[in-house]
Amino acid sequence: MTIILLPNFITALRIAGSFSLLFCDVAGMAFWVLYVLCGITDIADGWVARKFHAESKAGAILDSLADLVFVACCCWQIIPILNFPKWLWIWGGAIVVVKLINQICALVMYKKCVFPHTLANKATGLLLFIGVPLTLYLESIIPIVIIAVLATFAAVQEGHFIRTKKTKHNRKSCIFAEIKQQNKNYE
């Protein structure tokens, strides 16, 4: 395998690991080992891509897809055992709606999905990765509430970047780099 394909292979491993979570008991060790391995591959694919200059538009899209698959599989397994108050479920649903509106705007404006890899989105993902097991272990909603605050900011910021084409704070997004090359009159 050439080094250029290695980051995408690592990302594909995350997708396979995410689907494997569906066959594990959340209370079992196998689930949490796979969970951690998926997190490691999320860090590793980007690091390898940057280290070996193997970043690509396809890789960025595959990475975003892998993130979505991981979150969906975790939600499928973990949501049934959560006992959150109704207001927290509504808040989480509102964040999902904002992110869906962001994608609809991107589809209308650019004729494609756009997944900005902003610092706020990355921080939300990291906190979510740590906060879910912590919430289950502590049996407290405090970690999830903190994450929801950051996720709300990240979703609003993402929508702002998509609708205004502001990429100054988001230079690492391959998708935005492509948009910038096609339309240089917006700055």
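Here, each number is a calculation from the coordinates, and none is a lab measurement. Quick caveat: nothing in here was measured; it's all calculated off a predicted structure. When we count neighbours, we look across all protein chains shown, and the Cβ atoms used for this are built from the backbone with ideal geometry, even at glycine.
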Notebook entry, point to check: Say a site is exposed when it is one of the chymotrypsin sites (Phe, Trp or Tyr not before Pro), sits in a DSSP loop, and has at most 13 other Cβ atoms within 10 Å; what is then the longest site-free stretch of the chain?
Noted result: 53-187
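Counting residues in the range 18-107 as N, plug N into 2.2 N^0.38 Å and put the Cα Rg over that result.
Ratio of Cα Rg to 2.2 N^0.38 Å: 1.30.
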Note to self: Between helix 142-164 and the chain, what is the angle of the helix's C-alpha long axis to the longest principal axis, kept within 0 to 90° and rounded to the nearest 10?
What the structure shows: 20
Next item on the list: Note down the magnitude of the dipole of the chain about its Cα centre, charges +1 on Lys and Arg C-beta and -1 on Asp and Glu C-beta and zero elsewhere, to the nearest 20 debye.
Entry: 880
Notebook entry, point to check: Between V69, F19, G59, whose Cα lies farthest towards the positive end of the dipole of the range 1-81 when Lys and Arg beta carbons carry +1 and Asp and Glu beta carbons carry -1, centred on the Cα centre?
Noted result: G59
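In percent, what relative contact order does the range 24-165 have, based on Cα pairs under 8 Å that are 6 or more apart in sequence?
On the way: 79 pairs, mean separation 33.6, N = 142.
This gives 24 percent for the range 24-165.
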Check: Sorted from fewest to most neighbouring beta carbons within 10 Å, what does the list K165, K111 look like?
Finding: K111, K165
Next item on the list: Starting at the first residue of the range 74-81, write each ³J(HN,Hα) from the Karplus equation 6.51 cos²θ - 1.76 cosθ + 1.60 with θ = phi - 60°, in whole Hz, x for Gly and Pro.
Entry: 5, 4, 4, 7, 8, 3, x, 9
Notebook entry, point to check: Per-residue HN-Hα couplings for the range 11-21, Karplus 6.51 cos²θ - 1.76 cosθ + 1.60 at θ = phi - 60°, whole Hz, x for Gly and Pro?
Noted result: 5, 5, 4, 5, 5, 5, x, 5, 5, 5, 4
Next item on the list: Among S18, S140, S64, S56, rank each residue by its count of other Cβ atoms within 10 Å, from fewest to most, as a rough exposure measure.
Entry: S140, S56, S64, S18
Notebook entry, point to check: To the nearest Å, what is the center-to-center distance of the range 12-65 and the range 90-128, using C-alpha atoms only?
Noted result: 19
Note to self: Ignoring solvent entirely, what values of log10 I(q)/I(0) come out of the Debye formula for the chain at 0.11, 0.13 Å⁻¹ when each Cα is a single scatterer?
What the structure shows: -0.53, -0.73
